[in-house]
Amino acid sequence: MSALLIVFAAAILVLFLGINKPESAMKWPSVILLMLAGLVALSGVDLATWLTVPESMISYSSMDRLFVALLCGIGALVIAVFDALSSKGSDRLGLMMLSLTGAVMLVGQENLVMMFLGIEVMSIPLYVLAGSDKQNIFSNEAAIKYFLLGAFSTAILLLGSAFLYGATGTLVLQSMTHKASMYAHFGVYPPMLVAGLVLLAVGLLFKVSAVPFHFWAPDVYEGSPTRSTAFMATIVKIAGFSALLRVTMAFEPMSLWYQNAVAILAILSIIVGNMMGLVQSSPKRMLAYSSIAHAGYMLLVLLLVGQAQFEADSILYLYLVAYSIASTGAFAWIEWATQRSGKMDFTMFNGLSSNRWAIVNMVIVFLSLAGIPLTAGFAGKYYLFASAFSIHPLAVGFALLGTLLSIAYYFRAFRFAFADTQESTPNAKFSWVLMLVSVAILLVGCAPMWFMP
Amino acid sequence: MNLYILLALPLLGFTINGLFGKQLPKFVVGALASSLVFIPFVLALTLWSEVKEAAIVSQPFTFLQVGDLNIEFKLMLDRLSLIMTLIITGIGTLIHLYSMAYMADDAGYYKFFSYLNLFIFNMLILVLGANFMMLFFGWEGVGLCSYLLIGFWYHNPDFGYAARKAFVMNRIGDLGLLLGLFMIIQHFGSLDYQVVFSEIAKVSHPQWVYTSIAVLLFVGAMGKSAQIPLYTWLPDAMAGPTPVSALIHAATMVTAGVYLVVRSEVLYTLAPMARDLILYVGLATSLLAAFIGLKQNDIKKVLAYSTVSQLGLMFIALGCGAYSAAMFHLATHAFFKALLFLGSGSVIHGMHHEQDIRKMGGLRKAMPLTYVTFLIGTLAISGFPFLSGFFSKDEILLHTFHHSPWVYGLSVFSAGLTGIYMFRMFFLTFHGTYRNDHYAFEKVHESPILMTLPLMVLAALSLSGGLLNLPHYLTHSHSEALAHWLEPLFVFGDAAVHVEPSTEWALLGVAVSVFVIAFVWMRQKYVVQGRVAENDDQMSGSAKLLAHKFYVDELYDSLFAKPLQALGTWTYRVLDRKGFVAFTDLMGKVTHWKGQTLARIQSGNIELYLIIMVLAAALMLGIELFA
């Protein structure tokens, strides 16, 4: 709860203090504030004892606080790793932090109203951020598309919430669990409950860009400024999956009923994400599809809910840690390569291998996304696949095939980086933040137990 | 004292020289390497009396644990491994010293010594290990070092091929050894010598188990000890620097197979069929190699074939069940063959890398020390009375005589051939006239003291090596010294030999006369008549056959290498390129094509996106509501 307040306050602070100042002035203060929020979340101290919030609206368990810390950490990382814009005003930083406020709310929600609120607070700044490169027509297109499709999905989500309320007479997730177990006991589900659940799921699946609700992602990811893309690809995934997991846990008594549907969606996401990733010529778009594929893998976590021997939340957490760190790194590399070469396709990586520290860091990031051992990506995938295998071997089989395919397109970046060393003279740029990203990836990869609650 | 120190010192030498040798002065590198082999030798000597009481066993620790099978890292110094250790470290020290001079101008000086130390380390593991796993560890380790040292001058591609050949041939043998170990695990549930051998001694398993394990272990020995059909690598291994040939490919590593059989004495005594196999393989190898040795003109090649032949003789002894006789010959062979190799190295050094004996001659005047020591070595190996080789060979011949007359006959024949090719080489090298036009006789020089000193020590050993195991007709004791020393280790012991004293003297007479014939004939041919070995193009018939080593290399080439290569080419061209690669390519293309088809949906058309989303949601609703 305290973290939520800090992030919110920081957002307002940055927004107002940053007026008419270059963004770089507010960059490190924002990072520090977000880190502070993350640390507060991690430690669990309650700074706002005077504030009483009903448990049925929002509450943070120790697991939730870890998710909050991850959100704040990744938010800080995204801000730190990308160059600040030179133009006046820190509104983009403020918007990012506002969006983060929504994400933090989403993680702690106990109530459909709070969930809706969180999603909206998170999404609306994102629409603006997608279009924040005002001179760029693609950025504008991305914003419009994201907004239209997002509005549509929110409508579906709201409709689902309404149906659920109609079916159960409550908006509190915990109470819904009682109702669900009651229905499960008799084996009949009223149509309104089913319809509500499906529509709610569609709304959330849209946010995490699972197939077939993923269409916005490639267009929006590609058109938006890269920093916004990185933010979307990480923060929204973390918050979205946390919410999805919570809803699934609430309806856990009905797990037999939805398991196949989840598996099918996961398989679809994995196939479409990876196959489309294979044919992209733009690395940014490739990463968009890769994020769809990763959403597919993470959907497998939902299969673990209700299985006492697995801790679905900590497995998801580890995967998200691995995914979001590596994703941020990958987007940062794409941004750096684009700025350096002025190209949008894979040739942007040409000659990168002559810059030794850059290539080492980049390789680590992409290896982690592909899930090669000793990187965080492998640890995340290993725990996820190994646990899900006993529940749904077919889906895990597809996930493994998908991982195989994904290696093809992740390694494409290396091919360009190593193939042509004459073309460009890379300016040696050292970023300790990116170095930190590599170290973190290897650390999580070598000692995943430290990061699994 | 802790046995691990024996291992740790050479390993330390390997590490120091391997990591920092380049920065250290050459003398320091050589002296360090030599002393780290010499100290274990002294330590092993001090343990003599202790080992005499009982075998020393080190504190074991778990090396591998798989299921019920617990393999320990455990060392054991008993009477057998003590002898091996003394030979390895003793001769090793001499050869290290020798190498300091021999390799003085080599750019890879430090590398050479670090490899040598690594070899000593692995060889000690091989003989000190208290279970078959440790033996295997050392077995592979010495194989690696052998590979590295044969190909030491890897800039010459031929030497590289020779190294590869040695490695591959050894791998074939290793496969047999490994299978043998697997069978031991399967039937006895352990690899520990004590456990396995006491289990075997109970004779609780069917005969075929013993026979097949014994044969499989022998296949391993065939590879390492260069027996038919896996012997062809050893002559090629002469590509390595001469000290390496002396240490690894004559005195120590190649005798690992003999050690393995002696160590598994219980097993082989219970598997007479396997022992017969050993006997015949040894006999065939001994004869074949001796024949080939007759017409080789490379000084080191002659010695290499002689080594193969002598190893064959050791296996003949093993086949007859004369374990201590084999060990005796192993020890004396280590002395005189190391001496001969080092002597040939001295010649090569003095002649500036000339190895062809047709281009030598008359060297006795230029290199007196080398000449004398080489003469002693030659006399010892050809069985000059009362030198080391005489006694050790004689004991083997005695056993073969007891086994069957025709085995005895062939063995004597082989021993006679030894004298012939050795004296042929000796006279061609040191007597007659100097025959090299490219290198003036005045430039031929005696080697430095660092090289001749080991020669003299080894010559002394070759002279007196017979003392190790003097036959009972000289000592009038009940049994020979070495046999007596090894006796407590054996469960069944050496095959008993009972012959009349008169027969024994007759056999001695035969041996001496064979030596005399060889000596006189060769002297007549090469010294008195002054003939020189014919050039390659003058050879005909049997000489050509021998000079070309019975075309065994060519036979293996067309029997195994060519068909395998053809198979490889076929699998590459057809199975791989047209099969697997085409298949994976196809998979890639299909995926790519499907991806492009899918990509058409992603047209940027927002209405289409919405329609698909709504349809998907509707589909899900429909399925969940009505199905």
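Assess whether B:Phe119 counts as being buried (at least 17 other Cβ atoms within 10 Å of the Cβ), among the aromatic types (Phe, Trp, Tyr), within 29 Å of B:Phe341 (Cα to Cα) and in contact (Cβ under 8 Å) with a residue 60 or more places away in the chain. Please lay out each step first, then the result.
Details: buried (at least 17 other Cβ atoms within 10 Å of the Cβ): yes; among the aromatic types (Phe, Trp, Tyr): yes; within 29 Å of B:Phe341 (Cα to Cα): yes; in contact (Cβ under 8 Å) with a residue 60 or more places away in the chain: yes.
For B:Phe119, the condition - buried (at least 17 other Cβ atoms within 10 Å of the Cβ), among the aromatic types (Phe, Trp, Tyr), within 29 Å of B:Phe341 (Cα to Cα) and in contact (Cβ under 8 Å) with a residue 60 or more places away in the chain - is met.
From (1) at pLDDT below 90; (2) part of a helix (DSSP H, G or I), pick out the condition that doesn't hold for B:Met314.
So the condition that B:Met314 fails would be (1).
Return a yes/no flag: does the stretch B:567-586 have any residue that is assigned to a helix (DSSP H, G or I) and touching a residue at least 40 places away in the same chain (Cβ under 8 Å).
No: zero hits.
For the stretch B:603-625, enumerate the residues that are within 23 Å of A:Leu157 (Cβ to Cβ) and more than 7 Å from chain A (Cβ to nearest Cβ). Let's see the steps before the verdict.
The first filter runs over the stretch B:603-625 and keeps only residues within 23 Å of A:Leu157 (Cβ to Cβ), leaving B:606-625.
Residues satisfying the conditions are B:Glu607, B:Leu608, B:Ile611, B:Val614, B:Leu615, B:Ala618, B:Leu619, B:Gly622, B:Ile623.
So that you can scan it fast, the table gives a plain yes or no per residue for (1) more than 22 Å from B:Ser382 (Cα to Cα); (2) assigned to a loop (DSSP other than H, G, I, E, B); (3) free of Cβ contacts under 8 Å to residues at least 60 places away in the same chain:
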{"residue": "B:Arg531", "(1), (2), (3)": "no, yes, yes"}
{"residue": "B:Asp537", "(1), (2), (3)": "yes, no, yes"}
{"residue": "B:Leu546", "(1), (2), (3)": "no, no, no"}
{"residue": "B:Asp557", "(1), (2), (3)": "yes, no, yes"}
{"residue": "B:Pro563", "(1), (2), (3)": "yes, no, yes"}
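Here's a check for you: in the stretch B:85-105, which residue that is in contact (Cβ under 8 Å) with a residue 12 or more places away in the chain and not in a helix (DSSP H, G or I) is farthest from the chain's Cα centre (by Cα)?
B:Ala104
Six or more apart or on different chains, Cβ atoms under 9 Å: show the pairs whose first residue is in the stretch A:65-88 and under 18 Å from A:Phe451 (Cα atoms) and whose second is among the acidic types (Asp, Glu).
A:Leu66/A:Asp313; A:Phe67/A:Asp313
Residues in the stretch B:515-538: is at least one touching a Pro at 6+ places or on another chain (Cβ under 9 Å), more than 14 Å from chain A (Cβ to nearest Cβ) and of a type in the set (Ser, Thr, Tyr)?
No, the stretch B:515-538 contains no residue that is touching a Pro at 6+ places or on another chain (Cβ under 9 Å), more than 14 Å from chain A (Cβ to nearest Cβ) and of a type in the set (Ser, Thr, Tyr).
Please go through the stretch A:202-211 and give me each residue that is of a type outside the set (Gly, Ala, Ser), part of a loop (DSSP other than H, G, I, E, B) and modelled with pLDDT of 90 or more, ordered by number.
Hit for the stretch A:202-211 is A:Val208, nothing else.
Quick one: which residue in B:Val520, B:Val527, B:Val512 is surrounded by 15 or more Cβ atoms within 10 Å (Cβ to Cβ) and farther than 22 Å from B:His329 by Cα?
Details: B:Val520 fails: surrounded by 15 or more Cβ atoms within 10 Å (Cβ to Cβ); B:Val512 fails: farther than 22 Å from B:His329 by Cα.
Criteria check complete, one pass: B:Val527.
Taking the conditions exactly as written (surrounded by fewer than 24 Cβ atoms within 10 Å (Cβ to Cβ) and either away from chain B (no Cβ under 14 Å) or among the hydroxyl-bearing types (Ser, Thr, Tyr) (or both)), does A:Ala295 satisfy them or not? Let's see the steps before the verdict.
Working: surrounded by fewer than 24 Cβ atoms within 10 Å (Cβ to Cβ): no; either away from chain B (no Cβ under 14 Å) or among the hydroxyl-bearing types (Ser, Thr, Tyr) (or both): yes.
When the stated conditions are applied, A:Ala295 does not pass them.
Check every one of the helices (runs of 4 or more DSSP H) wholly within the stretch B:325-415 and list those with 3 or more residues that are crowded, with 21+ Cβ neighbours inside 10 Å, touching a Ser or Thr at 6+ places or on another chain (Cβ under 6 Å) and among the polar types (S, T, N, Q). Spell out how you get there, then give the answer.
Working: elements: B:363-366, B:368-382, B:388-403.
Output list reads B:388-403.
A:Leu4 - would you say it is more than 30 Å from A:Gln135 (Cα to Cα) and either modelled with pLDDT under 95 or among the basic types (Lys, Arg) (or both)?
Criteria met by A:Leu4.
Report yes if some residue within the stretch B:465-476 is among the small types (Gly, Ala, Ser) and closer than 30 Å to B:Gly30 by Cβ; otherwise report no.
Checking the stretch B:465-476: at least one residue is among the small types (Gly, Ala, Ser) and closer than 30 Å to B:Gly30 by Cβ.
Restricting attention to the stretch B:146-164, does a residue exist that is in contact with a helix residue (DSSP H, G or I) (Cβ under 7 Å, 6 or more places away or on another chain), crowded, with 21+ Cβ neighbours inside 10 Å, farther than 29 Å from B:Leu179 by Cα and hydroxyl-bearing (Ser, Thr, Tyr)?
Looking through the stretch B:146-164, none of the residues is in contact with a helix residue (DSSP H, G or I) (Cβ under 7 Å, 6 or more places away or on another chain), crowded, with 21+ Cβ neighbours inside 10 Å, farther than 29 Å from B:Leu179 by Cα and hydroxyl-bearing (Ser, Thr, Tyr).
I need every pair where a residue in the stretch A:219-242 that is within 14 Å of chain B (Cβ to nearest Cβ) has its Cβ under 6 Å from the Cβ of a residue that is crowded, with 24+ Cβ neighbours inside 10 Å and of a type in the set (Gly, Ala, Ser), sequence separation at least 6 or different chains.
Within 6 Å, the pairs are A:Val220/A:Ala130; A:Val220/A:Ala142; A:Tyr221/A:Ala288; A:Gly223/A:Ala142.
Residue by residue through the stretch A:422-450, note down the ones that are surrounded by 15 or more Cβ atoms within 10 Å (Cβ to Cβ) and modelled with pLDDT under 85.
Listed by number, the residues that qualify are A:Ser424, A:Pro426, A:Ser431.
Is it true that some residue in the stretch B:469-485 is of a type in the set (D, E, K, R) and assigned to a helix (DSSP H, G or I)?
no
Do we have any residue at all in the stretch B:278-287 that's in contact with a Ser or Thr (Cβ under 6 Å, 6 or more places away or on another chain) and at pLDDT below 90?
Step one: of the stretch B:278-287, the residues in contact with a Ser or Thr (Cβ under 6 Å, 6 or more places away or on another chain) are B:286-287.
Then drop every residue that is not at pLDDT below 90, which leaves none.
Among the residues of the stretch B:278-287, not one is in contact with a Ser or Thr (Cβ under 6 Å, 6 or more places away or on another chain) and at pLDDT below 90, which makes the answer no.
Is it true that A:Asp345 is over 24 Å from A:Glu252 (Cβ atoms), away from chain B (no Cβ under 14 Å) and charged (D, E, K, R)?
Spelling it out, A:Asp345 is indeed over 24 Å from A:Glu252 (Cβ atoms), away from chain B (no Cβ under 14 Å) and charged (D, E, K, R).
Only one of (1) farther than 15 Å from B:Arg275 by Cα; (2) surrounded by 24 or more Cβ atoms within 10 Å (Cβ to Cβ) fails for B:Gln186. Which number is that?
(2)
Which one is farthest from A:Gly203 (Cα to Cα), of the residues in the stretch B:587-627 that are of a type outside the set (A, V, I, L, M) and part of a loop (DSSP other than H, G, I, E, B)?
So the residue we want is B:Ser603.
I need the full set of residues from the stretch B:230-244 which are farther than 20 Å from B:Lys295 by Cα and either in the same structural domain as B:Ala304 (by TED's automatic domain parsing) or in contact with a Ser or Thr (Cβ under 9 Å, 6 or more places away or on another chain) (or both), in order please.
Scanning the stretch B:230-244 gives B:Gly240, B:Pro241, B:Thr242, B:Pro243, B:Val244.
Rundown of residues vs (1) under 30 Å from B:Val552 (Cβ atoms); (2) surrounded by 12 or more Cβ atoms within 10 Å (Cβ to Cβ); (3) within 9 Å of chain A (Cβ to nearest Cβ); (4) at pLDDT 85 or above, yes/no style:
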site: B:Leu564; (1), (2), (3), (4): yes, no, no, yes
site: B:Thr569; (1), (2), (3), (4): yes, no, no, yes
site: B:Val574; (1), (2), (3), (4): no, no, no, yes
site: B:Phe583; (1), (2), (3), (4): no, no, no, yes
site: B:Leu586; (1), (2), (3), (4): no, no, no, yes
site: B:Lys589; (1), (2), (3), (4): no, no, no, yes
site: B:His592; (1), (2), (3), (4): no, yes, yes, no
site: B:Gln596; (1), (2), (3), (4): no, yes, yes, no
site: B:Ile601; (1), (2), (3), (4): no, yes, yes, no
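Restricting the search to the stretch A:243-264, which residues are within 14 Å of chain B (Cβ to nearest Cβ), buried (at least 20 other Cβ atoms within 10 Å of the Cβ), in contact (Cβ under 8 Å) with a residue 60 or more places away in the chain and farther than 16 Å from A:Leu193 by Cβ?
A:Ala263
Which pairs do you get when a residue that is of a type in the set (Lys, Arg), found in the stretch A:163-191, comes within reach of a residue that is part of a loop (DSSP other than H, G, I, E, B) and surrounded by 16 or more Cβ atoms within 10 Å (Cβ to Cβ), reach meaning Cβ atoms under 8 angstrom, with the pair 6+ apart or on two chains?
A:Lys179/A:Thr170
The values are calculated or read from the model by the stated rules, or taken from the named source; none is laboratory data. In this text the structure is predicted, and so the values were computed from the model without any measurement. Note: ideal-geometry Cβ built from the backbone for every residue, glycine included; neighbour counts use all protein chains shown.
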